[in-house]
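The values are calculated or read from the model by the stated rules, or taken from the named source; none is laboratory data. These numbers come from a predicted model, not from an experiment. All Cβ positions, glycine included, derive from the backbone under ideal geometry; neighbour counts span all protein chains shown. Heads up: the accessible areas ignore ligands, DNA and RNA and are worked out on the full protein's heavy atoms, side chains in. Shrake-Rupley method; radii C 1.70, N 1.55, O 1.52, S 1.80 Å.
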Amino acid sequence: MIKWRPESMKEKVRKAAWIVTGCLVVVLLLFVIFRQSILDAVIKKAERRFMENYGMTLTVGKAEFSGFMTVSLKDLDLFKAGTDTLLKVDTVSAHPAFWRLFIGHVRINHLYCSDARLKVVVTKDGKNFNFRRSGQEEAKSTGQSANYARLLNELSVRFFDVAPQYTELD
């Protein structure tokens, strides 16, 4: 016959530590197994957002992981239909901060860019870039004013929070 005895606090902490460690191992394993499909989905989402928000086409020739966390994009093009290519990059590699990803915050530690060409064209017929989202032009035509404080806050969060700690351009 087995006697029941209450667990001590030390045993409870040890059991909780094993459970948390097991969960982290499972999450990391799932990440390693499905990371390429997650990367493909994120790229498709970015392509869709560029088309919907700015009317621009983003194409990525090849996207892959190198190492555990570094994302490499090859043959990256950004252009507006019927105009010259705005941005063409041969290779971009980004290494995010590992621990920040656990709280859902993307921070780039290292960024490497090779053979990047930026071509801004403005003619009387039009331009090959659009920094306004589709809805902003409609708000301007209806007489609504832009919320510059919100726009400045979004810009500062996106630029300064995601700006890499180390950048190398070739």
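Per-structure values
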{"item": "From 83, 21, residue being in contact (Cβ under 8 Å) with a residue 24 or more places away in the chain, out of contact with any helix residue (DSSP H, G or I) (no Cβ under 9 Å at 6 or more places or on another chain) and not in a strand (DSSP E or B)", "result": "83"}
{"item": "Selection within segment 85-111 - open to solvent by 70 Å² or more (accessible area, probe 1.4 Å) and under 24 Å from residue 170 (Cβ atoms)", "result": "88, 106, 110"}
{"item": "Matching option when the condition is surrounded by fewer than 16 Cβ atoms within 10 Å (Cβ to Cβ), at pLDDT below 90 and either of a type in the set (Gly, Ala, Ser) or touching an Asp or Glu at 6+ places or on another chain (Cβ under 6 Å) (or both), among 16, 41, 81", "result": "81"}
{"item": "Residue, farthest from residue 107 (Cα to Cα), within segment 44-78, restricted to residues that are among the hydrophobic types (A, V, I, L, M, F, W, C), open to solvent by 30 Å² or more (accessible area, probe 1.4 Å) and over 16 Å from the mean Cα position of the chain (by Cα)", "result": "51"}
{"item": "Checklist (1) at pLDDT 75 or above; (2) part of a loop (DSSP other than H, G, I, E, B) applied to residue 110, failing item", "result": "(2)"}
